[in-house]
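Enquirer: One structure follows; several queries about it will come next.
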Amino acid sequence: MFKTLEKIAFERVGGTEEERRVFDILAEEVRARGIEPSLEPFEVETFRRGTGRVTLLNDSPAEFSVNPIGLSGSTDITTEFRYIEPSKLPFTDSCAGQIVVLPEHVSFRHYEQLARLGAVGFIVVNPPGRKPGFQSLKASYTAKHGKIPGAVIAYDAGLKLISSGKNRIRLETSQEEFVGTSHNLHAVIEGEHSNGEVFVCAHADSVAGSPGALDNGAGCVEMLGIIGHFAKHPPRRTIRFCFFGSEELGLMGSQFFVEKHTSELEKIAVVFNLDVGGDIFGDDKALITGDKDLANFVDSHNKLRGMGLKVTRSTYSSDNMPFARHGIPSVNFARSGLGASLGHSIDDDMRNVDERSLHSLAQKALDFIDVVANAKAIPFERKIPPDMVEEVDKYFSERFGIED
């Protein structure tokens with residue numbers, strides 16, 4: 001697993017040549033396990049990370065580097081700025097012609113408020129102790145509210161900005177944005193029974209500027225190990241595997257899949273999703289987006305096997321979510337830890353990966369998948385209960401502006 005992860009731990013933004021290269025590597029790895037995969041293309045709005053700077057305009061101008069936020073366009077604006085806490089955005093009357101400084105990632109609801117207030121730009125202050133990453137908007141943001149240029153600034157620079165006593169700055173950003181071709185890579189291992197299929201997935205892309213070792217090269221190599229097992233030990237039920245593209249751009253690969261393959265969804269009993277793993281210092285966890293009987297099944301099996309999984313019933317911001325909107329429950333395997341805090345950054349590299357952790361989570365996921373794929377009857381209901389439906393709807397509304 002570790003050697004394969006080394007091969008794919010490079011920046012691979014959805015819809016770029018680098019993402020296509022990682023799919024070529026993964027396809028070769030699947031073939032090496034005796035399964036012939038298929039590649040399904042789809043278009044996405046994407047970008048290549050650019051450059052930017054903020055100049056604080058006073059008697060002795062100070063200049064700070066910033067990272068443009070993907071899909072927010074390029075700009076050169078000189079105007080006033082103001083700091084606003086996100087919770088106060090709905091109660092602000094106007095920011096017309098101003099740049100807004102915020103202390104966190106911009107959600108759809110934040111972006112919607114910035115558009116309502118007439119902001120001409122925004123700057124996100126990065127958490128302390130981390131190098132600024134290259135965040136991106138989702139295509140749904142700009143489709144509904146147009147482009148508002150944005151950038152990420154380092155914490156120390158952000159402090160200097162808001163404590164300067166001045167409120168006029170120049171924001172300059174430049175980046176390439178284009179429509180690219182992303183892909184989903186499919187592999188199927190047929191079972192004796194096609195009813196109650198098992199779907200296993202992991203996303204193959206990374207955020208801009210990040211090698212994406214933990215998020216989510218780890219999930220990809222863990223899934224390769226699981227494919228290798230079932231290639232040698234055919235299951236009772238059909239298992240469909242999918243490496244999704246462009247998850248980091250807004251779950252684009254999984255959203256494309258559920259729209260393109262709607263007629264096939266009724267066959268799927270459960271989704272097992274692998275997203276974030278390999279952390280040296282951490283805990284393995286299973287997040288259940290489904291009914292209590294699925295959570296009870298996972299928790300009981302976890303205790304019987306002594307796996308040490310932290311089992312929680314909740315939503316999970318990953319490729320399981322589009323399936324949840326179609327009533328399909330999921331078990332999301334991940335590993336939280338110290339290194340995982342470096343996700344979505346340039347430091348998410350091989351230094352933070354432990355091969356034992358990769359094998360451990362892969363084996364735990366395999367154990368659950370094997371039980372379900374070979375069960376004479378599925379040991380839980382295929383449903384998303386009303387309380388979870390509410391959470392799933394809230395997730396899509398707040399993250400993407402998607403309403404049922």
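Enquirer: Six or more apart or on different chains, Cβ atoms under 7 Å: show the pairs whose first residue is in the stretch 161-186 and within 13 Å of Val54 (Cβ to Cβ) and whose second is outside any strand (DSSP E or B) and among the aliphatic types (A, V, I, L, M).
Expert: These pairs meet every condition: Lys166/Leu57; Arg168/Leu57; Ile169/Leu57; Arg170/Leu57.
Enquirer: Under the condition of being part of a strand (DSSP E or B) and among the small types (Gly, Ala, Ser), which residue from the stretch 163-203 is nearest to Cys95 (Cα to Cα)? Step through it out loud before you land on a result.
Expert: Initially, the stretch 163-203 is screened for residues part of a strand (DSSP E or B), giving 168-189, 193-203.
Filter again for among the small types (Gly, Ala, Ser), leaving 174, 180, 182, 187, 194, 196, 202.
On the way: Ser174: 23, Gly180: 34, Ser182: 37, Ala187: 50, Ser194: 56, Gly196: 53, Ala202: 40 Å.
Result: Ser174.
Enquirer: Then there's this: Name every residue in the stretch 354-376 that is in a loop (DSSP other than H, G, I, E, B) and either touching a Leu at 6+ places or on another chain (Cβ under 7 Å) or within 17 Å of Ala340 (Cβ to Cβ) (or both), in order of residue number. Walk me through how you get there before you give the answer.
Expert: First pass over the stretch 354-376, keeping only residues in a loop (DSSP other than H, G, I, E, B): 354, 374-376.
If the condition is that a residue be in a loop (DSSP other than H, G, I, E, B) and either touching a Leu at 6+ places or on another chain (Cβ under 7 Å) or within 17 Å of Ala340 (Cβ to Cβ) (or both), then Asp354 is the only one that fits.
Enquirer: Now a separate question. Filter the stretch 1-46 for residues that are touching a Lys or Arg at 6+ places or on another chain (Cβ under 9 Å) and assigned to a loop (DSSP other than H, G, I, E, B); which is farthest from Ile346 (Cα to Cα)?
Expert: By that ranking, first place goes to Gly34.
Enquirer: How many residues does the stretch 119-149 hold that are over 17 Å from Tyr83 (Cβ atoms), among the small types (Gly, Ala, Ser) and without any contact (Cβ under 8 Å) to a residue 40 or more places away in the chain?
Expert: Number of matching residues: 3.
Enquirer: Follow-up question, since we're still on this one. Taking the stretch 328-346, which residues are in contact with a strand residue (DSSP E or B) (Cβ under 8 Å, 6 or more places away or on another chain), among the hydrophobic types (A, V, I, L, M, F, W, C) and assigned to a loop (DSSP other than H, G, I, E, B)? Break it down stepwise before answering.
Expert: So the first thing to find is which residues in the stretch 328-346 are in contact with a strand residue (DSSP E or B) (Cβ under 8 Å, 6 or more places away or on another chain), and the list is 328-340.
Of the ones still in play, those that are also among the hydrophobic types (A, V, I, L, M, F, W, C) are 328, 331, 333-334, 338, 340.
If the condition is that a residue be in contact with a strand residue (DSSP E or B) (Cβ under 8 Å, 6 or more places away or on another chain), among the hydrophobic types (A, V, I, L, M, F, W, C) and assigned to a loop (DSSP other than H, G, I, E, B), then Ile328, Leu338 are the ones that fit.
Enquirer: Out of the helices (runs of 4 or more DSSP H) lying entirely within the stretch 89-162, which hold 1 or more residues that are over 17 Å from Leu249 (Cβ atoms) and of a type in the set (S, T, N, Q)? Quick ask: steps written out before the conclusion?
Expert: Values: elements: 108-117, 139-145, 155-162.
Filter on the stretch 89-162 gives 108-117.
Enquirer: Residue by residue through the stretch 177-205, note down the ones that are of a type in the set (Val, Ile, Thr) and over 20 Å from the mean Cα position of the chain (by Cα). Even if it seems obvious, please write down each step before you answer.
Expert: Taking the stretch 177-205 first, the residues of a type in the set (Val, Ile, Thr) are 179, 181, 188-189, 198, 200.
Selection gives Val188, Ile189, Val198.
To keep it simple, each residue is scored yes or no on (1) within 21 Å of Gly34 (Cα to Cα); (2) crowded, with 22+ Cβ neighbours inside 10 Å; (3) hydroxyl-bearing (Ser, Thr, Tyr); (4) in the same structural domain as Ser345 (by TED's automatic domain parsing).
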site: Glu190; (1), (2), (3), (4): yes, no, no, yes
site: Val221; (1), (2), (3), (4): yes, yes, no, yes
site: Ile239; (1), (2), (3), (4): yes, yes, no, yes
site: Phe272; (1), (2), (3), (4): no, yes, no, yes
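Enquirer: Moving to a separate point now. Restricting attention to the stretch 377-390, does a residue exist that is part of a loop (DSSP other than H, G, I, E, B), at positive phi and surrounded by 19 or more Cβ atoms within 10 Å (Cβ to Cβ)?
Expert: Filtering the stretch 377-390 for residues part of a loop (DSSP other than H, G, I, E, B) gives 377-385.
Subsequent filtering for residues that are at positive phi retains none.
Looking through the stretch 377-390, none of the residues is part of a loop (DSSP other than H, G, I, E, B), at positive phi and surrounded by 19 or more Cβ atoms within 10 Å (Cβ to Cβ).
Enquirer: Here's a follow-up. Please verify whether Ser38 is buried (at least 16 other Cβ atoms within 10 Å of the Cβ), within 30 Å of Gly217 (Cα to Cα) and not charged (D, E, K, R), treating the condition exactly as stated. Walk me through how you get there before you give the answer.
Expert: Numbers: buried (at least 16 other Cβ atoms within 10 Å of the Cβ): no; within 30 Å of Gly217 (Cα to Cα): yes; not charged (D, E, K, R): yes.
Considered against the rule, which asks whether it is buried (at least 16 other Cβ atoms within 10 Å of the Cβ), within 30 Å of Gly217 (Cα to Cα) and not charged (D, E, K, R), Ser38 comes out as no.
Enquirer: Quick check, is Phe81 crowded, with 20+ Cβ neighbours inside 10 Å, in contact (Cβ under 8 Å) with a residue 60 or more places away in the chain and not assigned by TED's automatic domain parsing to the domain that holds His233?
Expert: Details: crowded, with 20+ Cβ neighbours inside 10 Å: yes; in contact (Cβ under 8 Å) with a residue 60 or more places away in the chain: yes; not assigned by TED's automatic domain parsing to the domain that holds His233: yes.
So Phe81 passes the test.
Enquirer: Please note which strands (runs of 3 or more DSSP E) are completely contained in the stretch 254-327 and include at least 2 residues that are farther than 27 Å from Ser357 by Cβ and more than 16 Å from the chain's Cα centre (by Cα). Walk me through it before giving the result.
Expert: Values: elements: 268-274, 282-289, 310-313.
Counting at least 2 such residues, we get 268-274.
Enquirer: A follow-up question, please. Any residue in the stretch 103-114 that's on the phi < 0 side of the Ramachandran plot: show its pairings with residues that are exposed (fewer than 15 other Cβ atoms within 10 Å of the Cβ) and not charged (D, E, K, R) at Cβ separation under 7 Å, as long as the two are six or more apart or on different chains.
Expert: These pairs meet every condition: Gln113/Pro90.
Enquirer: Further question on the same structure: Can you name the number of the only condition in (1) in contact with a helix residue (DSSP H, G or I) (Cβ under 7 Å, 6 or more places away or on another chain); (2) not assigned by TED's automatic domain parsing to the domain that holds Asp348 that Thr51 fails?
Expert: So Thr51 meets the others, but not (1).
Enquirer: Of all residues in the stretch 299-337 being among the β-branched types (Val, Ile, Thr) and in contact with a helix residue (DSSP H, G or I) (Cβ under 7 Å, 6 or more places away or on another chain), which is surrounded by the most Cβ atoms within 10 Å (Cβ to Cβ)? Write out each step before concluding.
Expert: To start, the set of residues in the stretch 299-337 that are among the β-branched types (Val, Ile, Thr) comprises 311-312, 315, 328, 331.
This time we only want the ones that are in contact with a helix residue (DSSP H, G or I) (Cβ under 7 Å, 6 or more places away or on another chain), so: 311, 315, 328, 331.
On the way: Val311: 19, Thr315: 19, Ile328: 22, Val331: 28.
Selected residue: Val331.
The values are calculated or read from the model by the stated rules, or taken from the named source; none is laboratory data. Because the structure is a prediction, the values reported are computed rather than measured. Please note: Cβ atoms are built from the backbone with ideal geometry, for glycine as well, and neighbour counts cover all protein chains shown.
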